[in-house]
Amino acid sequence: LTTALQTSCCLEFLALLLHPDNKKSFLRRDESFIRQIQVGKRRIRITKDDYDKIKRVHECIREDAAAFLTISDFSRKLKISEQKLKAGFQEVYQQTIWDYANTIRMNIAVTLLRSTDKNVSEISQQIGYQSQAAFILIFKKWCVFTPAQFLSPIQLFRVSLYCLFLFSHLLRCL
């Protein structure tokens, strides 16, 4: 590396170290401290233990989305504040706990709709919805189609085209 490039890299590194958001992280002696998250006008401190609890919530939802545990349930079970749990989950996974849980449930619903002969009522109960109407509403919001429309051959073709469109759009954004 040239001297100019080395100097530039060192100056950039020092600028990162001295930035107010990073300065606290580097100057803190507590090794369990990971970062601070800005929530409105407040800063919430996330520790390694908090991070592990947030990851556990993610795993619990992935393993049993039908359980429909609330943020309050997770908070009590894992002994972490609701605000810290919500803000930390959003920071780590770039989506809310509710959105993640619904995505998991809807993916299961699509798999069940395609691979079984269960009706919509059975599927909605299997993935944890008490009300078939609520399931249909969330499914339509998530997928643009109702479960019945999703299953019709013409709509299935349209869904494939729509997914292809979304995928191509995602690739262009990268």
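What follows is calculated from the coordinates using simple rules that are stated; it is not laboratory data. This structure is a prediction, so every number in the text was calculated from the model and none was measured. No Cβ is skipped: glycine too gets one built from the backbone with ideal geometry, and neighbour counts run over all protein chains shown.
Here are the numbers for this structure:
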| quantity | calculated |
| --- | --- |
| Filter on LYS48/LYS84; LYS55/LYS77; LYS77/LYS141; LYS55/LYS141; LYS55/LYS84 - keep pairs with C-alpha separation over 19 Å | LYS77/LYS141; LYS55/LYS141 |
| Given charges at beta-carbon only (K, R positive; D, E negative), |dipole| of the stretch 29-124 in Debye | 500 debye |
